[in-house]
Amino acid sequence: MIICPNCQHKEMSGAIHCSQCGAQLIDMTVATHKIHTAEARLVARREVGKAVPVPTPDHLQSWISLNMIESGQILPLADRTEFSLGRSAEGQPIVPDVDLSPYEAYANGVSRLHAVLKLIQDRIMIMDLGSSNGTYLNGNRLAPYVETPVAHGDVIYLGKLKIQLLIE
């Protein structure tokens, strides 16, 4: 368990941000790993002269996972470059690619089609789809229909549903 230095809320080990107040948490027992960004891949190509593999749509595995902060469950997303996030509703023909209904999406104000995550040329973007209760990135509300870059460890709120992005 990690205790938030700001509000004293107890968080699970490995949490990066407090789910109560959003403060950044530091846990000295968590190992960190170097993440190669698109820029680092380009530098590596130039310096070594070898091609560094870059994921392509044909070879995508799990390029992003969603850490459902309240439940601690991790949802790996794979095989596509774009995922719509939302909740299913009985009798509605619209179904999101990632159905968040099992995570109390309705009670947390998640729209049926709330947001979309996209992989565009080694950059990961999120876009709010005009949701009723908004999409927030690290506490800042996103403008609807505007693609915004995200990074590993960012916390998004779909309404009040908190999700941490884990980027491979």
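The values are calculated or read from the model by the stated rules, or taken from the named source; none is laboratory data. A quick note: this is a predicted structure, and the numbers were derived from the prediction, not measured. No Cβ is skipped: glycine too gets one built from the backbone with ideal geometry, and neighbour counts run over all protein chains shown.
Considering the stretch 108-135, and only residues there that are among the aliphatic types (A, V, I, L, M) and assigned to a loop (DSSP other than H, G, I, E, B), the residue that is nearest to residue 157 (Cα to Cα) turns out to be 110.
Cβ separations smaller than 8 Å between residues 6+ apart or across chains give the following pairs from the stretch 58-83 residues that are over 12 Å from residue 98 (Cα atoms) to residues that are modelled with pLDDT under 90 and among the small types (Gly, Ala, Ser): 60/78; 61/78; 62/78; 63/78; 69/15; 69/19; 70/19. Selection of the stretch 123-167 for residues being charged (D, E, K, R), crowded, with 19+ Cβ neighbours inside 10 Å and closer than 17 Å to residue 63 by Cα yields only 154. The residues on offer are 89, 105, 151, and the sole one that is touching a residue at least 12 places away in the same chain (Cβ under 8 Å), assigned to a loop (DSSP other than H, G, I, E, B) and within 15 Å of the chain's Cα centre (by Cα) is 151.
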